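What follows is a short report on a single structure.
The values are calculated or read from the model by the stated rules, or taken from the named source; none is laboratory data. Values in this document were obtained by computation on a predicted structure and should not be read as measured data. Please note: Cβ atoms are built from the backbone with ideal geometry, for glycine as well, and neighbour counts cover all protein chains shown. Each accessible area value is taken on the protein alone, full model and side chains, heavy atoms only, with ligands, DNA and RNA left out. Shrake-Rupley method; radii C 1.70, N 1.55, O 1.52, S 1.80 Å.
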Amino acid sequence: MVRFHTLRLDGELNIYRAQDTRQQLLETVAGLASQPEPQALDIDLSGVSEIDTSGVQLLLATMRYAQSQGMDTRLVRHSVAVIEAMTLLGLDGYLSNTPQGSTAAMHAEDAAA
């Protein structure tokens, strides 16, 4: 059974805070990936007041890293700033509530096709 965890990010997610936030995200993913049972991570973005391209890049890299560790991740509870930035960059598909890279999501997409 998959265990779900939520990590809430608050404040600015920009180049000035990228290194600190990166460390927090990597430590969280590494800690969860070391567990014997399957883990999933929801990244709660409701408290993000500002995001730039380095923040977006950090989120996508975290999702890729988590996927390489066998974990599903979702970007959830998006703030207006996050929605605007991701939409502007054409990446708003990452804001769905379906885990990116999830086996269940891939099977659902295959069945719909």
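Brief remarks follow.
- Rounded to the nearest 10 Å², the accessible area of I15 at probe 1.4 Å: 110 Å²
- The slack in the chain from E84 to S49, taken as 0.36 nm per residue of separation less the alpha-carbon distance, amounts to 11.5 nm.
- Here r is the Cβ-Cβ distance between H5 and Q57 and R0 is 25 Å; the resulting FRET efficiency, rounded to 0.05, is 0.65.
- Three principal axis lengths of segment 3-94 [C-alpha, angstrom, descending]: 38, 25, 20
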